Amino acid sequence: MFRAFSDRTRLRILNLLKPGELCVCDLVRVLELPQPKVSRHLAYLRRAGLVAGRKDGLWMHYTLLPAQNSFHQKLIECLSCCFQDVPELAKDMKRLGRRENPTATCCG
């Protein structure tokens, strides 16, 4: 689990998933990373038992899994404290809420 949290991109993904489910296309847009790279990180997080995926047509949607134990819960809570040390987290959340066309969805 420490390895899953030790990568900056995975930390960013976990933080973005805290409020709820997101499509891979939203993660790609916010992180400004290629889709294959985002998918590799999501696969790592899925193997670590931190996220779950749900297929919807051509798109995958991911959600943060509930904590399995107190250690897992503390790591998730730690994301809230990381805003000061990892400036990308706050920028990502701001970017997530902003779309060029608010009525359009990236996958629909």
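Any read-out appearing in this document is the output of simple, stated calculations on the displayed coordinates, not a laboratory observation. Bear in mind the structure is a predicted one, so any value in this text is a computation, not a measurement. Please note: Cβ atoms are built from the backbone with ideal geometry, for glycine as well, and neighbour counts cover all protein chains shown.
Grab the Cα-Cα distance for PHE2 and ASP85, subtract it from 0.36 nm times how many residues apart they are, and report the gain in nm with one decimal.
28.2 nm
At 222 nm, what value in deg cm²/dmol follows for the chain if DSSP H runs of at least 4 each add -39500 (n - 2.57) and the sum is divided by all its residues, to the nearest 500?
-15500 deg cm²/dmol
Label GLN68 and ALA48 with points 7 Å out from Cα along Cα→Cβ: what is the distance between them in nm?
1.3
Exposure proxy check: ARG54, ARG46 ranked by fewest other beta carbons within 10 Å?
ARG54, ARG46
Rounding to the nearest 20 debye, state how big the charge dipole of the range 2-96 is about its Cα centre with +1 on each Lys and Arg Cβ and -1 on each Asp and Glu Cβ.
220
Only Cα pairs under 8 Å and at least 6 apart count here; give the relative contact order of the chain as a rounded whole percent.
Relative contact order here is 31 percent.
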